[in-house]
Amino acid sequence: RASVLITGETGTGKELVAHAIHHNSSLAENPFVVVDCAALPESLVESILFGHEKGAFTGADKARVGLIKQADGGTLFLDEVAELPMGVQSRFLRVLQEKRFRPVGSKQEVKSDFRLIAATNRNLKRMIREGTFREDLLFRLQAMVVDLPPLRKRTEDIRDLAFYYTARICDRYGIDIKGFSPEFFEALTTYQWPGNVRELKNALEQAISIARDDPILFPVHLPDHIRIQLTKAALTTPKDDGNNKDPAKIMEKVSEPFADKLPAYRKLREYVLLEAERKYFQDLIHVSKGNIEQACRIANLGRTRLYALLKKHNILR
């Protein structure tokens with residue numbers, strides 16, 4: 001039940017991690033209350049957090065239970081905690097210490113025993129030096145720290161994330177799941193993703209929308225700003241030395257196969273079938289966890305034939 005501070009850039013999934021911490025704790029069956037500190041109206045911050053009595057201020061026509069009290073027995077998640085005003089920070093520090101507070105306009109203190117999880121994309125230590133965040137509050141927040149890396153530093157996750165979100169998006173729209181061309185994945189892993197996972201999800205949704213009835217996603221289906229960035233990278237990045245991807249090679253097919261003219265039907269059909277076959281056997285090995293006997297049973301293929309097809313598509317167990 002120690003306090004947790006989650007740090008990371010916008011879009012890295014801080015709230016998702018907060019939910020995971022809560023649901024894997026002893027408080028999982030109790031409330032999980034989210035406070036978006038960046039969206040709190042300055043004039044109503046204390047009322048929203050601590051609650052208020054009827055008549056405490058103009059417009060307070062009835063008493064209101066604050067979010068801190070609503071989290072009693074559960075988890076209080078302060079998203080973008082760096083946005084809390086300094087005055088509220090001092091009051092909230094006392095709440096963390098005493099587990100008691102007084103609602104606006106009340107003469108009685110109320111109790112709230114909660115587990116605190118906070119998140120921020122700001123540098124709190126720099127804010128302390130600038131006098132915009134309390135050092136003693138930071139000490140209280142960071143009993144444990146979880147730092148989420150940006151997506152550009154964990155490109156090995158992009159493939160799984162693309163499969164996951166594409167399946168969800170296609171299911172929501174009631175359409176068949178899209179396949180992926182090799183160039184599409186190359187583009188995804190080369191782009192820097194300043195908006196992290198959130199931007200990846202939005203890009204996939206736009207690509208699926210643009211692709212319409214096309215069964216395979218190509219780089220040409222990606223949002224314009226991503227293709228522009230890839231083009232700039234292709235013009236400024238040195239050729240591949242064997243350790244890095246060459247954006248120029250990726251961009252050779254950004255506009256193919258549909259940008260200038262339609263290819264011959266036979267060429268398109270062969271390409272789509274080849275990509276569908278490759279994706280099938282990748283998924284087959286993933287589902288069977290590399291167990292060849294199980295993979296043969298699922299695919300209804302002999303071992304020799306399966307090995308030949310895996311070799312054809314350069315798929316490793």
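The values are calculated or read from the model by the stated rules, or taken from the named source; none is laboratory data. Keep in mind it's a predicted model, so treat the numbers as computed, not measured. For neighbour counting, all protein chains shown are included, and Cβ atoms are generated from backbone atoms with ideal geometry for every residue, glycine included. Just the protein is used for accessible areas: all its heavy atoms, side chains included, with ligands, DNA and RNA removed. Shrake-Rupley method; radii C 1.70, N 1.55, O 1.52, S 1.80 Å.
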So, in the range 25-40, how many residues would count as being out of contact with any Leu (no Cβ under 9 Å at 6 or more places or on another chain) and either surrounded by 15 or more Cβ atoms within 10 Å (Cβ to Cβ) or more than 13 Å from Leu76 (Cα to Cα) (or both)? 7
Screening Val45, Val81 for residues that are modelled with pLDDT under 90 and open to solvent by less than 10 Å² (accessible area, probe 1.4 Å) leaves only Val45
Name every residue in the range 202-235 that is hydrophobic (A, V, I, L, M, F, W, C), open to solvent by 20 Å² or more (accessible area, probe 1.4 Å) and farther than 16 Å from Glu183 by Cβ, in order of residue number. Ile228, Leu235
Restricted to the range 290-317 and to residues being modelled with pLDDT under 85 and not aliphatic (A, V, I, L, M), the residue nearest to Ile177 (Cα to Cα) is His313
Just to be sure before I move on: is Arg152 over 30 Å from Gly179 (Cα atoms) and either in a helix (DSSP H, G or I) or open to solvent by 40 Å² or more (accessible area, probe 1.4 Å) (or both) in the structure I sent? no
Matching option when the condition is touching a strand residue (DSSP E or B) at 6+ places or on another chain (Cβ under 9 Å) and within 30 Å of Gln192 (Cα to Cα), among Glu109, Glu15, Glu46: Glu15
Do you know which of the residues in the range 97-111 that are in a loop (DSSP other than H, G, I, E, B) and free of Cβ contacts under 8 Å to residues at least 12 places away in the same chain is least open to solvent (accessible area, probe 1.4 Å)? Glu109
Would a scan of the range 176-183 turn up a residue that is under 14 Å from the mean Cα position of the chain (by Cα), polar (S, T, N, Q) and more than 30 Å from Pro85 (Cα to Cα)? no
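Considering only the range 21-65, state which residues are among the hydroxyl-bearing types (Ser, Thr, Tyr) and touching a residue at least 24 places away in the same chain (Cβ under 8 Å).
Ser25, Ser26, Ser47
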Every residue from the range 286-317 that is among the basic types (Lys, Arg) and surrounded by 11 or more Cβ atoms within 10 Å (Cβ to Cβ): Arg297, Arg303, Arg305, Lys312, Arg317
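With the requirement that a residue be in a helix (DSSP H, G or I) and open to solvent by 60 Å² or more (accessible area, probe 1.4 Å), what does the range 155-175 give you?
Scanning the range 155-175 gives Glu156, Arg159, Asp160, Tyr164, Arg168, Asp171, Arg172, Tyr173.
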Within the range 112-126, is there a residue that is surrounded by fewer than 19 Cβ atoms within 10 Å (Cβ to Cβ), charged (D, E, K, R) and in a helix (DSSP H, G or I)? yes
For the range 176-201, name all the residues that are closer than 15 Å to Glu275 by Cβ, surrounded by 17 or more Cβ atoms within 10 Å (Cβ to Cβ) and among the β-branched types (Val, Ile, Thr). none
Extreme residue, surrounded by the most Cβ atoms within 10 Å (Cβ to Cβ), among residues of the range 55-78 that are at pLDDT 90 or above and of a type in the set (D, E, K, R): Lys69
The one condition Phe139 fails out of (1) among the aromatic types (Phe, Trp, Tyr); (2) closer than 30 Å to Ala207 by Cβ; (3) open to solvent by 60 Å² or more (accessible area, probe 1.4 Å) is (2)
